[in-house]
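This report refers to the structure that appears directly beneath it.
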Amino acid sequence: MTSAGFWPPSALEVVFLLLGLVAVGSALMVVTTRQLVHAALWLVVCFGALAGCYLVLTAEFVAWVQVLIYVGAVVVLLLFGIMLTRAPIGRSDDLDSGNRVVAGVVAVATAGVLVGVVVGGFQHAYAELQPGAGSAETLGASIFRNWVLPFEALSVLLLAALIGAIVLSRTDIKGRG
Amino acid sequence: MHVVYPAVVAALLFSIGVYGVLARRNTILVLMSVELMLNAVNLNLIAFDVWLRDALHSGQVLTLFVIVIAAAEVGIGLAIVLAVFRTRRAIELDRLRDLGEP
């Protein structure tokens with residue numbers, strides 16, 4: 001599995017690194033921007049770039065699911081949350097709490113440890129990309145042959161979560177007695 | 001594709017998510033940061049699935065499962081945030097101190 005040095009990077013790797021750069025940069029904007037709505041919009045950019053990363057890694061079905069669910073549903077839900085909590089539109093300077101510095105230190109330490117371990121551990125790992133490894137056909141066969149039970153359990157979990165969300169957010173449902 | 005590249009991108013995304021969870025005051029921004037961390041995990045799962053060529057495709061299937069769980073989590077989380085906002089008129093985390101030590 002060890003082939004191809006780090007230099008020069010292949011075209012695929014260049015594309016992946018550019019997409020990764022976009023993802024990391026927009027993620028930084030999400031956690032540092034001073035406008036709530038902009039944070040949600042930067043999240044769209046981040047998830048889109050990640051979907052591109054999945055495409056480069058040949059996981060095409062997961063990429064489209066990412067676009068559909070994350071960009072299409074989760075971000076819209078978050079935007080609804082922002083609107084319903086009457087968040088100020090425009091700049092607000094109190095989005096960060098007092099422990100920003102501590103948070104920065106912890107995050108930099110986490111990044112240092114993780115990147116160090118990952119680079120040390122997988123320096124020579126090389127994944128040969130073959131198209132079709134993540135197509136809908138392959139994944140569908142895998143889910144409905146080998147992963148049926150977790151899949152069904154997850155459907156029940158999702159149903160329970162949605163019913164729970166409805167019960168929590170409606171005011172006219174009272175407890176018994 | 002060197003496995004290091006996706007792994008490093010995922011590690012950076014995860015750390016950014018950690019920073020967001022710790023540094024933000026607004027509950028919805030904290031939820032967004034949690035989503036960032038989940039996405040970092042997803043990227044790792046995909047990369048290692050592609051590298052190890054698992055016959056069951058566990059990495060990609062688990063990514064789909066994580067996406068479903070994230071959707072459920074955001075739904076419940078926002079419902080809780082809205083319930084808190086209805087009763088307290090505030091969703092800033094450091095103003096919700098009823099359960100904390102005085």
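Throughout, read-outs are computed from the coordinates displayed, never taken from laboratory work. None of these values were measured; they are calculated from a predicted model. When we count neighbours, we look across all protein chains shown, and the Cβ atoms used for this are built from the backbone with ideal geometry, even at glycine.
For segment B:4-95, evaluate the Debye formula with one uniform point scatterer on each Cα (no solvent term) and list log10 I(q)/I(0) at q = 0.13, 0.18, 0.21, 0.26 Å⁻¹, rounded to two decimals.
For segment B:4-95 at q = 0.13, 0.18, 0.21, 0.26 Å⁻¹, log10 I(q)/I(0) is -0.53, -0.83, -0.99, -1.22.
Taking every pair of alpha-carbon atoms in chain A, give the share separated by more than 19 Å as a whole percent. It would help to have the intermediate numbers written out before the result.
Numbers: 11512 of 15576 pairs.
Summing the P(r) of chain A above 19 Å gives 74 percent of all pairs.
Using modelled backbone amide H atoms (1.01 Å from N, in-plane), which distant-in-sequence or interchain residues come within less than 5 Å of A:ASP96's amide H?
Answer set, sorted by chain and number: B:ARG25.
Through the Karplus equation 6.51 cos²θ - 1.76 cosθ + 1.60, θ set to phi - 60°, convert the phi angles of segment B:30-35 into ³J(HN,Hα) values in whole Hz; use x for Gly and Pro.
5, 4, 4, 5, 4, 4
Which one of A:GLN123, A:GLY81, A:ALA103 has its Cα pushed farthest toward the positive end of the charge dipole of segment A:62-177, where Lys and Arg give +1 and Asp and Glu give -1 at the Cβ?
Going by the charge dipole, the pick is A:GLY81.
In segment A:69-177, which GluC sites (Glu not before Pro) fall in coil by DSSP and have 16 or fewer other Cβ atoms within 10 Å?
Working: sites: A:GLU128, A:GLU137, A:GLU152; in loops: A:GLU128.
Of the GluC sites (Glu not before Pro), the ones in loops of segment A:69-177 whose Cβ has at most 16 other Cβ atoms within 10 Å are A:GLU128.
How far, in degrees from 0 to 90, does helix A:36-56 lean away from the longest principal axis of the Cα atoms of chain A, to the nearest 10?
30 degrees
5 Å is the cut-off here: which amide hydrogens, built 1.01 Å from N in the peptide plane, fall below it relative to A:GLY134, excluding neighbours closer than 5 in sequence?
Amide H to amide H, under 5 Å and 5 or more residues apart or across chains, A:GLY134 pairs with A:GLU60.
About its Cα centre, what dipole magnitude does the protein assembly as shown give when the only charges are +1 on Lys and Arg Cβ and -1 on Asp and Glu Cβ, stated in debye to the nearest 20? Walk me through the numbers before you get to the answer.
Working: 16 positive and 17 negative charges, 201 e Å.
Result for the protein assembly as shown is approximately 960 debye, rounded to the nearest 20.
Quantify how strongly other chains surround peptide A:105-116 by giving the mean number of their Cβ atoms within 10 Å of each of its Cβ atoms. Numbers along the way, then the final one.
Details: counts 2, 6, 11, 3, 2, 8, 9, 2, 2, 9, 7, 1.
Across A:105-116, the average partner-chain Cβ count within 10 Å equals 5.
Apply the Karplus curve 6.51 cos²θ - 1.76 cosθ + 1.60, θ = phi - 60°, to the phi angles in segment B:84-92 and return the couplings in whole Hz, x for Gly and Pro.
Using θ = phi - 60°, the values come out as 5, 5, 5, 8, 10, 6, 7, 10, 6 Hz.
Per the Kirkwood formula on distinct C-alpha pairs, the Rh of segment A:102-177 is how many angstrom?
One decimal place: 18.0 Å for the Kirkwood radius.
Between A:LEU162, A:LEU79, A:LEU41, where does the largest GNM mean-square fluctuation fall for chain A, given springs only between Cα atoms within less than 10 Å?
A:LEU162
Within 10 Å, at most 13 other Cβ atoms, and a DSSP state outside H, G, I, E, B define an exposed site. Report the longest part of chain B free of exposed trypsin sites (Lys or Arg not before Pro).
B:1-52
Starting from a Cα-only point model with no solvent, please compute log10 I(q)/I(0) by Debye for segment A:26-87 at q = 0.19, 0.20, 0.21 1/Å.
Log10 of I(q)/I(0), two decimals: -0.69, -0.74, -0.79.
Hand me the trypsin sites (Lys or Arg not before Pro) from segment A:29-113 located in a DSSP loop with no more than 14 other Cβ atoms within 10 Å, in residue order please.
Loop-located and lightly packed - A:ARG34, A:ARG86, A:ARG91.
In whole Hz, what ³J(HN,Hα) sequence does segment A:81-93 give by Karplus (6.51, -1.76, 1.60; θ = phi - 60°), x for Gly and Pro?
Listing the rounded values in order: x, 4, 5, 6, 8, 6, 5, x, 7, x, 5, 9, 8 Hz.
Placing +1 at every Lys and Arg Cβ and -1 at every Asp and Glu Cβ, with all other atoms neutral, what dipole size does chain B have around its Cα centre, in debye to the nearest 20?
Numbers: 8 positive and 8 negative charges, 78 e Å.
Result for chain B is approximately 380 debye, rounded to the nearest 20.
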